[in-house]
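One structure is given below, encoded as C-alpha cells.
None of the figures in this text is laboratory data; all of them are computed from the coordinates on show. The model shown is predicted, which means the values in this text are computed figures rather than measured ones. Cβ placement follows ideal geometry from the backbone for every residue including glycine, while neighbour counts extend to all protein chains displayed.
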Amino acid sequence: DQARAEQRIVVRDLSIGTPMLDRLTLTRELPAAIANGEMFLQYQPKVHVRRQEINSAEALVRWQHPRHGLIMPGDFITLAEEARQIADLTYWTLNQVIADQRLLSADGRDLTIFINISGQLLGDARFVEEACRTITTSGAKIGFEITETAVIRDPQSAIANLRRFADVGIAIAIDDYGAGLSSLAYLKQLPARELKIDKMFVLQLTSSNRDPLIVRSTIDLAHALDMEVTAEGVETQAAMALLTVMGCDIVQGYLISRPISIDAFRAFMNDQKLQ
Ligand code: C2E
Ligand code: CA
Ligand code: CA
Ligand code: CA
C-alpha cells in the first residue's frame, strides 16, 4: 500500500503546483490514454459466505500514466464524468471484462463480473442500448454496481433503464449503501438483487458502537426486500466473524484479496481452498 500511497502523492503534488493545468491535462489525455492501452483493470473477488465460494468479482479501473505513474479511479473518474468521457471509458471496461471473462470460462469458472456504472450513464439512452447490445451479443455474465444517489437524480428514467438492464440478464447491485442519498421509496422499485453496504460502516465494525447497529439493520432491511447483502471493506477476521453472525450474504475486502490483475485472479481462483 505504501507504493500506492507514493504514487498517489505524485499526482497530488502536481495538482498542488498547477491544479487547473493538471486537471485539464489529465482530461485532455484521457481519450488517447484509453486508445493507447494505458487503462487496465484489477479484479476483486466477492465471496458468498454460506456457500463458501467466490461467486462474483468486481472490476476496478486504473490508469498507468506514462509520466504520473499509477492513477487510481478516485483521481480521474470525476474528470471523465465532467468531460463526458465516462461512456467511452465504460465501453472500454465492458469489452475488457468480456474478454477477461472468456479466460475465466476457459478455466472452468462461472462468475458474474460487476462493473461500476456512473450515475450519468443511467440517463444516457445511447449507452443503455449499446451496453445491452454488447452484453447480449457476448453472452457474458455481467453485473452493474450503481449508487442510489444516481437513481435519485432522475428516478423515472433511471428505474426504467435499470429494468432494461435487468431484462437482458444484467445483475444489478446497489453500491455504497448508506454513504449518499438514500430513499426507501426508490429502493423498493429497483430491480436489484444485491445491496452493498458502504465500507465506511464495515471498516470500523468491531471498534465502533453505532456501525454494528447500522450494518445489522441494513442486512435486515435488505433481506426484507429479498435482496442479498454484500459488505465491502472487510479487512479483519473479527469483522468477518461478526458479519457472518449477522447473516451477511457476501463479503469483499482485503481480508480475502486486494484487487489484482486478471492473471493473478485466475491463479487465485485455481489456488484457493474455497472451491
Ligand atoms: P467502489 O465501487 O466503492 O469500490 C470499492 C473501493 O474500495 C475500491 O477502491 C477498492 O479497491 C477498495 N477496497 C476494496 N476492499 C477494501 C478493503 O478491504 N479496505 C479498504 N480500505 N478499501 C477496499 P478503488 O479501486 O480505488 O476505486 C474507487 C472508486 O472508483 C470505486 O469505489 C468506484 O466508485 C470507482 N470506480 C472504479 N472503477 C470504476 C469504473 O470502471 N467506472 C466507474 N464509473 N467508477 C469506477
Ligand atoms: Ca463498486
Ligand atoms: Ca462501494
Ligand atoms: Ca465508493
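In table form, for the structure just shown:
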item: Gyration tensor (alpha-carbon) shape descriptor, the chain, a/c threshold 1.5; result: rounded
item: Volume per residue that the Cα convex hull of the stretch 122-232 spans, once the total is divided by residue count, Å³; result: 94
item: Sparsely packed trypsin sites (Lys or Arg not before Pro) within the stretch 48-142, loop by DSSP, other Cβ within 10 Å at most 13; result: R50, R51, R67, R84
item: Under the span-like rule (Cα at least 15 Å along the axis, Kyte-Doolittle mean at least -0.5), DSSP H helices of the chain; result: 2-17, 19-35, 86-106, 125-138, 155-167, 211-224
item: Sorted by Cβ density within 10 Å, fewest first, the residues C248, C132; result: C132, C248
item: Sites matching trypsin sites (Lys or Arg not before Pro) across the stretch 161-204 that sit in DSSP coil, with at most 14 neighbouring C-beta atoms within 10 Å; result: K188
item: Where Cα atoms sit under 20 Å apart: lysine pairs in the chain separated by 8 or more or lying on different chains; result: 6
item: For the stretch 50-127, with +1 on Lys and Arg beta carbons and -1 on Asp and Glu, the positive-most of L79, Q52, I117 along the dipole; result: Q52
item: Expected 222 nm ellipticity per residue - DSSP helices of 4 or more, -39500 (n - 2.57), all of the chain, to 500; result: -15000 deg cm²/dmol
item: Rule-of-thumb Rg ratio for the stretch 24-183 [Cα; 2.2 N^0.38 Å; N residues]; result: 1.05
item: For E58, residues with placed amide H under 5 Å, excluding near neighbours; result: Q44, K46, F114
item: Convex hull volume per residue in cubic angstrom - Cα atoms of the stretch 200-275; result: 101
